[in-house]
Amino acid sequence: MNRAIAGSGAVVPFAVLVSGNGTNLQALLDAERSGRLGRGQVALVISDRRGAYALERARLAGKKALLIEPDQNLPKEARRRDLSDRIQAAVREAQAEFIVLAGFLSILQGSILDTYRERIINIHPSLLPKFGGPGMYGERVHQAVLAAGETVSGCTVHIVDQGTDTGPILLQRTVPVLPKDTTESLAERIHHEEHIAIVDGVLELISRLGNMDNRRAFS
């Protein structure tokens, strides 16, 4: 992995991890194609779920796409670490500078969190720290928001750390929670903001990493 990414217009390749349909991945692919992703370039797409349409989106865009499934014969902790290690090897082979979790349901553990420390970001469909943590994903988040009587919700792009949805926040986008909202209508409104936020999150991370590398170069 090339740690020095601050340069004059150099492409910054990154990996995207997805478990499902991949609409946030599509937002990144569309942004790259239209020039709105700056120096960012999707170098690799990985899914942990067989049949995830995200892999087809990647192939249609001419991107390398891999299925890396959890080994169900292993105990949970060993399974998570084994999956993380295999993902790390694929990301390293692709020479990706950072990792974007775009609706990725498996939990990363082990050395990948150290090797890519401050270089993994995740998008979560709530305004963290509210409605985050283990088991809070997809419609469960929106159900909890509605049950709590919240008047505002949204999405968060954050740095991934050793916890679940606990890392430093890069940015958030908000939407109103309307009186007649269902989980589906709220989710649809937030999805629109996620497609903006994930692109902005990648741009922000590239900027931060460039500044970080500049400081290291002159320290």
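The values are calculated or read from the model by the stated rules, or taken from the named source; none is laboratory data. Just so it is clear, the structure is predicted and the values come from calculations on it, not from any experiment. As a convention, Cβ positions derive from the backbone with ideal geometry for all residues, glycine included, and neighbour counts pool all protein chains shown.
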Please go through the stretch 117-136 and give me each residue that is under 13 Å from the mean Cα position of the chain (by Cα) and in a loop (DSSP other than H, G, I, E, B), ordered by number.
118, 119, 125
Residue check, residue 185 against (1) among the small types (Gly, Ala, Ser); (2) farther than 19 Å from residue 132 by Cβ; (3) in contact with a helix residue (DSSP H, G or I) (Cβ under 8 Å, 6 or more places away or on another chain), all met but one. Which one?
(3)
Here the residues within the stretch 133-147 that are within 21 Å of residue 169 (Cα to Cα) and at pLDDT below 95 are 133, 134, 135, 136, 137, 138
Could you please find all residues in the stretch 75-90 being farther than 23 Å from residue 156 by Cβ, surrounded by 18 or more Cβ atoms within 10 Å (Cβ to Cβ) and either of a type in the set (A, V, I, L, M, F, W, C) or touching a His at 6+ places or on another chain (Cβ under 9 Å) (or both)?
83
Give just the number: which of (1) more than 17 Å from residue 194 (Cβ to Cβ); (2) touching a helix residue (DSSP H, G or I) at 6+ places or on another chain (Cβ under 9 Å); (3) among the acidic types (Asp, Glu); (4) surrounded by fewer than 17 Cβ atoms within 10 Å (Cβ to Cβ) does residue 93 not satisfy?
(2)
Candidate set: the stretch 137-169, residues that are assigned to a strand (DSSP E or B) and among the polar types (S, T, N, Q); chosen: the one farthest from residue 102 (Cα to Cα):
153
Could you please find all residues in the stretch 40-67 being in contact (Cβ under 8 Å) with a residue 12 or more places away in the chain, part of a loop (DSSP other than H, G, I, E, B) and surrounded by fewer than 17 Cβ atoms within 10 Å (Cβ to Cβ)?
50, 64
Can you work out which of the residues in the stretch 69-116 that are assigned to a loop (DSSP other than H, G, I, E, B) and of a type in the set (A, V, I, L, M) is farthest from the chain's Cα centre (by Cα)?
74
Which residue out of 17, 55 is within 16 Å of the chain's Cα centre (by Cα) and either more than 19 Å from residue 137 (Cα to Cα) or of a type in the set (Lys, Arg) (or both)?
55
Inter-residue pairs, beta-carbon under 8 Å, first closer than 11 Å to residue 146 by Cβ and small (Gly, Ala, Ser) and in the stretch 176-190, second at pLDDT 95 or above and part of a helix (DSSP H, G or I), 6+ apart
187/142
If I filter the stretch 11-27 for residues that are free of Cβ contacts under 8 Å to residues at least 60 places away in the same chain, under 17 Å from residue 111 (Cβ atoms) and crowded, with 17+ Cβ neighbours inside 10 Å, do I get at least one hit?
no
Condition check for residue 37: more than 24 Å from residue 210 (Cβ to Cβ) and either aromatic (Phe, Trp, Tyr) or outside any helix (DSSP H, G or I) (or both):
no
